[in-house]
Every structure is written in structure tokens, then in C-alpha cells.
Ligand code: SF4
């Protein structure tokens, strides 16, 4: 049994592929998550709700109790061989980071990618962790065999802010180096700027620095999304704001106390800002339509 400060519980699952029906993930047909819960513990994480299905606390337990789906590779192999399977794209990491620390020991994500490659099944994956470099060759071969897209999630280049919001995640500088190395290795890699946090990561200067850094490292902006609140994230985020940014709490309470979305006027201003910045930095690389590998229930804003 792998162990660090987090409690890992090994479980056996009956299915690996989840057919997506929730509007939360619009655009994703099949998802796969090798773990449940996430040691990265981002304060804005929308996936905290997945712990409530297990009677675990989405605030306290999400990053301290992580379930490991130890038989996932065997189950996936069996599911992909079914006659009814149509080789549709599988989105990996919709509710957990597939390269969070226990992956170094369990190698479930690596096994999943190998199976998808051998079965010539297209896939996409999103992560914040530098461990993804370990599997660069595997991803490049999966891309050649069936098509693969990788998203590195990065919401700011401010190291202190990132550490405060994403306490157990490699720094922005480390993630930018990953983008650079993966692009050189022939892995199709884009950056997901999601979520953009109102009042925290959304200023013109912050977004300009971020997008400039992405292109300076050979990357490309894949998509961005404004923060959307889910009920089981509210307590974690509001407590954090009360401690770290008390002056922002009234605005967040007013906007996200009951509702989920930022105001339309805010979304419009942000869209104009992102378009302006992107046009100035990389007009020759218009972002593709938002690819919903991430919490797609968060509103995707095409540039
Ligand atoms: S890395 Fe992703 S899944 Fe993990 S806590 Fe952060 S936002 Fe949630």
C-alpha cells in the first residue's frame, strides 16, 4: 500500500469508462478517472462533489482520502474489446488529476494510455503535474496510432498565488517547462486556462503575462473558462477567501452564494480582454474551439 500524508484506499471497480450524461460535462461522451479525490487540493476544484457519493466530506476529505482504482486497466481492456465499443474518444482526468502523486507508484494512467494506444483508441488528458513527462513517448505513440490531445492546466504565472490556490501542485514555471519539453517531444500539447478566478487571476496584466509565457515556451492556448461554482466547492472556497482575500468575499458571496455563474457583463468583458490579449500575442494561432476535456460544466468561452 502506497502512503504519504494522504490516505489511499485501493478499490476494485466494475467499469472503467463512464458514459457522460451530465450537462456538467457537455461535449464529453466518455470519461475515465483512475483515482477518485485529488491530492493536489486546489481550492476552486469543481470535482469535490464526487466525494459526496461516498459519504466523504468534499471539503476535508477530497485531498486527504484518495481512492485508487487498482483493477482499472484490466476492466478497461475488457471494455475496449467489446463488440459494441465504437472507439470513441476517451477523456482522461475529468474529475481527478491522473498524474497526482500516487500515480508514481500505481502507474494506472500509464497502463491506461498503453491500452488505448494498443487498441488504437483516441483520447485526451488534462493534468497539472510534471509527472506527465514520464509518459511523453507513450503519448506521442498514442497520438500517431489513434489521435491524442494533452492539456496542461495553468491559471497564473504568479508563483505565490498559485501556491496559495493549488497547494500541492508543481509551480507555474515547472508546468511551463513541461509544455516546452512535450512540444519538443512531438506531443500535441495546449494550455487550459481554467478556471479564471474573478478578482484573483483575471486582470489584463495577469492574463497577458500568462498568455505571453505560454507562447514563449512553445505552447498554445487551448481554451479558457470562467470560474463556475458548484455547491460542494462553496465551503472550501469561501473559507479560503475569508482567510486570504477577505475583501473579495462579499463579491463572491453575492455572485456565487446561490448561483453558479459569473455575471454576463463580466463574461463579456473577460471575453473581450482575452481576445485583445491573444490577438496582440499570437494572432497566427487562433485557439481551436474549446475542447471540453476539463470541467466542461464551466462555461467555455470561444475567443
Ligand atoms: S488538479 Fe484538478 S482535480 Fe486535482 S484538485 Fe486541482 S482542480 Fe481538482
**Request:** Please give the contour-minus-distance gain from residue 253 to residue 70: 0.36 nm per residue of separation, less the Cα-Cα distance, rounded to one decimal in nm.
**Result:** 61.9 nm
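What share of the DSSP beta bridges in the chain is antiparallel, in percent to the nearest 5?
15 percent
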**Prompt:** Ranked highest first by average number of other Cβ atoms within 10 Å, how do 249-255, 195-201 line up?
**Reply:** 195-201, 249-255
**Value in Å of the Kirkwood radius, where segment 7-281 supplies the Cα pairs that are averaged** = 19.4 Å
**Request:** Can you pull the one-decimal nm distance between simple spin-label points at residue 205 and residue 240, each 7 Å off the Cα toward Cβ?
**Result:** 2.3 nm
**Ranked 168, 12, 202, criterion: other C-beta atoms within 10 Å, fewest first** = 12, 168, 202
**Item:** Highest average packing first - 79-90, 33-44, 217-228, Cβ atoms within 10 Å
**Value:** 33-44, 217-228, 79-90
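Throughout, read-outs are computed from the coordinates displayed, never taken from laboratory work. Since the model is a prediction, treat every value here as computed from it, not as a measurement. Because the Cβ atoms are built from the backbone with ideal geometry, glycine has one as well, and the counts that use them run over all protein chains shown.
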